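Here's the structure, in structure tokens; my notes come after.
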Amino acid sequence: MSKPGDFEAVRKDIVGILKQKPYDDGSIGPVLVRLAWHASGTYCKDSDTGGSNGAGMRYEAEGGDPANAGLQHARVFLEPIKEKHSWITYSDLWTLAGVVAIKAMGGPDIAWKAGRSDFADETLLPPRGRLPDGSQAQDHLRHIFYRMGFNDQEIVALSGAHNLGRCHADRSGFEGAWVNNPTRFSNQYFKLLLKLKWEKKQLNRDGAPWQWVARSAGMDDDDEPLMMLPTDFSLTQDAEFRPWVEKYAEDQELFFRDFSNVFAKLIELGVYRDEDGIARFSHLEKGKAEY
Ligand code: DDH
């Protein structure tokens, strides 16, 4: 047990659990980043509902959403940290873990503020269906991310998180990693989007969705190919998105700066702190009828 409010102690312990040899590519960092993002990405600016405040994924209605498949692993990995620092809320822990993981994997510092509360009331959960569907394209990206209040440049910057981690057949149906070193944060995703010769492929499995696959220089034919989701690839096919893909491919510093800002914005969506610094749900309760 640490002193309540000692977030440095929590950060240290999160760094301490990132390396997990038998898990995926040896790190749980990527799945922690995805947890922070899915906790936050349910936000809707018009109804002012959803977002990371509340830690709704503790409940089946949100945690069991097929879009969140696999994130139970991230939550279980974080459980010993919650037990040790029991004063921290799950909603603070999940967002902080994402920020700490990005930094530990070589990414930028990202501003993070404490104060999120955990729901005691399941009726405040956002409806399912607010997270993006990888088999779609740019119109869908705009529909989903404009709802959260992001613009085209921010959509491209956020998508750069796919430098990290991989797709799992038993979670999303897609398979493979976007880059060769998926536990190191960089702008490689943008470089590969532009550079490789992507081919549309349905993996050899019943009901597998189609995805884009390619091999980079030095990869053997029997190596697992790199992949892009249809949504990732659509960034290169869109007149507004593509220039940002090109800028971020050329300039890693610019990408890191923009990513840091937009991820900080993502994890603050729908979090309104009272004067005591604690985020409560009164605004949400008012908005409930508009779900
Ligand atoms: Fe993502 N993502 N994501 N993603 N995402 C997947 C994995 C990871 C989409 C679909 C998928 C963001 C945006 C989008 C991460 C971070 C972020 C998987 C694979 C799918 C599918 C899941 C699995 O099979 O395990 C789509 C579609 C979008 C979009 O429309 C833009 C954003 C904004 C982020 C972010 O963090 C800011 C990370 C990290 C992973 C790797 C997880 C892992 O377990 O590894």
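All of the numbers you see were taken from the coordinates with simple rules; none came from a lab. Bear in mind the structure is a predicted one, so any value in this text is a computation, not a measurement. Neighbour counts run over all protein chains shown; Cβ positions are idealised from the backbone, glycine included.
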**Study point:** Enumeration of residues in the range 57-72 that are in contact (Cβ under 8 Å) with a residue 60 or more places away in the chain and either basic (Lys, Arg) or crowded, with 24+ Cβ neighbours inside 10 Å (or both)
**Key:** 58, 62
Point to revise | Filter pass, residue 97 being small (Gly, Ala, Ser), crowded, with 16+ Cβ neighbours inside 10 Å, more than 10 Å from the ligand (Cβ to nearest atom) and closer than 24 Å to residue 155 by Cβ | key: yes
Check your understanding: Which of the residues that make up the range 163-203 are buried (at least 23 other Cβ atoms within 10 Å of the Cβ) and assigned to a helix (DSSP H, G or I)?
Key -> 163, 189, 190, 193
Review point. Got at least one residue in the range 209-225 being outside any strand (DSSP E or B) and within 19 Å of the chain's Cα centre (by Cα)?
Key: no
Exercise for review: Give the residues of the range 16-30 that are exposed (fewer than 14 other Cβ atoms within 10 Å of the Cβ) and part of a helix (DSSP H, G or I), sorted by residue number.
Suggested key: 16
Revision key, fill the gap. With criteria (1) in contact (Cβ under 8 Å) with a residue 12 or more places away in the chain; (2) within 16 Å of the ligand (Cβ to nearest atom), residue 87 comes up short on (2)
Practice item. Could you tell me whether any residue of the range 184-200 is more than 25 Å from residue 106 (Cα to Cα) and either touching an Asp or Glu at 6+ places or on another chain (Cβ under 8 Å) or basic (Lys, Arg) (or both)? Key: yes
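Among the residues of the range 75-103 satisfying the criterion of being among the acidic types (Asp, Glu) and out of contact with any Lys or Arg (no Cβ under 8 Å at 6 or more places or on another chain), which is farthest from residue 35 (Cα to Cα)?
83
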